[in-house]
Amino acid sequence: METKRIIISGATSGIGCEIAKLYIANGWKVGVMGRRVELLDDLKRMNPENVYVHQLDINAADATENLQQLIAAMGGMDIYFHVSGIGYQNTVLDYDKELNTVETNCKGFTRMVTFAFNYFADRGKGHIAAITSIAGTKGLGVSPAYSATKRYQNHYLQCLAQLAAIRKKNIKFTDIRPGFVATDLLNDSHHYPMLMQKEYVAKKAYNAVCRTKRVKVIDWRYRLLVGAWRMIPNCIWERLAIKN
Ligand SMILES: NC(=O)c1ccc[n+]([C@@H]2O[C@H](COP(=O)([O-])OP(=O)(O)OC[C@H]3O[C@@H](n4cnc5c(N)ncnc54)[C@H](OP(=O)(O)O)[C@@H]3O)[C@@H](O)[C@H]2O)c1
């Protein structure tokens, strides 16, 4: 059987790095990308033959050409897994933080995922997975751009899933929405409740993609939480002091 090929953006640290390790351990051909390419050496050492390291900034204008080069080097791509993302708590509304978050989580995300959609549409099949967040469930006042951009990602994947159906393309989508995970993204002075380990979240994300789940909230405690959030009317939600 032919070796399956996956490309993961945002594999240099955190959840993406752990997901990459699982695919490598399970015998996949794995393309790993990010800006801090020196951090990818350990993944390469796990299986030098089957791991392809590629430096890529999803905000760069030539990011998709860059991805195309990696696909060519790997002889094709079966799954595109988008993990790259940034986010901040930003109650003082620092302008740069808000705009940088929009740039990476909306524009960069759209650039990469749209390219993957077109690639798979041409090929007739494929699978797009992304780590979004539970932060997109409702507007979160402590992280406005992060929350809004995660909602954008949830919505964009749904749009593409419907577009694939309209165009009769066999493209699968998996939207993975974790709660708080102990990674560099939360490396600030705040206390985060119900914090999960990145290895635990990566395993659940990996399983969700294997089962081609459409949406996966990680984990069950957060499923209950977001279920409760959804039932709160907006007029009440906007008066709640949701912070950590
Ligand atoms: N930690 C949490 O609580 C949590 C919860 C839910 C969802 N998430 C989501 O999980 C994803 C991964 O975050 P993490 O928690 O694992 O944090 P992390 O360790 O900071 O990982 C972020 C990853 O995104 C990559 N990235 C950021 N900007 C990029 C750019 N311009 N081009 C290419 N890659 C870029 C980083 O690589 P380089 O810096 O090397 O480019 C890094 O590999 C994010 O989308 C985040 O929103 C995190």
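A few notes on this one:
- Residue pairs exceeding 24 angstrom between C-alpha atoms, taken from 169/213; 44/216; 203/243; 138/169; 168/198: 44/216; 203/243; 138/169; 168/198.
- Within the full protein context, the accessible area of residue 192 is estimated at about 20 Å² for a probe radius of 1.4 Å.
- Percentage of interatomic Cα-Cα distances in the chain larger than 23 Å: 48
- Accessible area expressed per residue, the chain, with surrounding protein chains retained (probe 1.4 Å, Å²): 50
- Dipole of the range 69-225 [Lys/Arg +1, Asp/Glu -1 at C-beta], most positive-end residue of 108, 176, 210: 210
- Per-q log10 I(q)/I(0), the range 43-179, q = 0.09, 0.11, 0.17 Å⁻¹ (Debye; single scatterer per alpha-carbon; no solvent): -0.30, -0.44, -0.96
- Computed over protein heavy atoms with a 1.4 Å probe, the carbon and sulfur contribution to the accessible area of the range 5-237 reaches 53%.
- Membrane-span-like helices in the chain, defined here as complete DSSP H runs extending at least 15 Å along the helix axis by their C-alpha atoms with mean Kyte-Doolittle hydropathy no lower than 1.0, are 14-25; this is a sequence and geometry rule, not a statement about a membrane.
- Accessible area per residue was computed with a 1.4 Å probe on protein heavy atoms; residue 114 scores about 40 Å².
- Heavy atoms of residue 56: accessible area, 1.4 Å probe, square angstrom to 10: 10
- Shown in residue order for the range 33-43 are the 3J(HN,Hα) couplings computed by the Karplus curve 6.51 cos²θ - 1.76 cosθ + 1.60 at θ = phi - 60°: 10, x, 7, 7, 4, 5, 6, 8, 4, 5, 5 Hz (x for Gly and Pro).
- Across the range 126-226, Cα-Cα distances exceeding 23 Å account for 28% of all pairs.
- The length gained by stretching the chain between residue 184 and residue 47 to full extension, at 0.36 nm per residue less their Cα-Cα distance, is 46.8 nm.
- Helix-derived mean residue ellipticity, 222 nm - over the chain, DSSP H n ≥ 4, -39500 (n - 2.57), to 500: -13500 deg cm²/dmol
- Maximal additional length on extending the residue 110-residue 240 stretch stands at 43.6 nm, based on 0.36 nm per residue less the C-alpha distance.
The values are calculated or read from the model by the stated rules, or taken from the named source; none is laboratory data. As the structure is a computational prediction, the values presented were derived from the model and not from experiment. Using ideal geometry, Cβ is built from the backbone for each residue, glycine included, and neighbour counts are taken over all protein chains shown. The accessibility values were calculated without ligands, DNA or RNA, using every heavy atom of the protein model including side chains. Shrake-Rupley method; radii C 1.70, N 1.55, O 1.52, S 1.80 Å.
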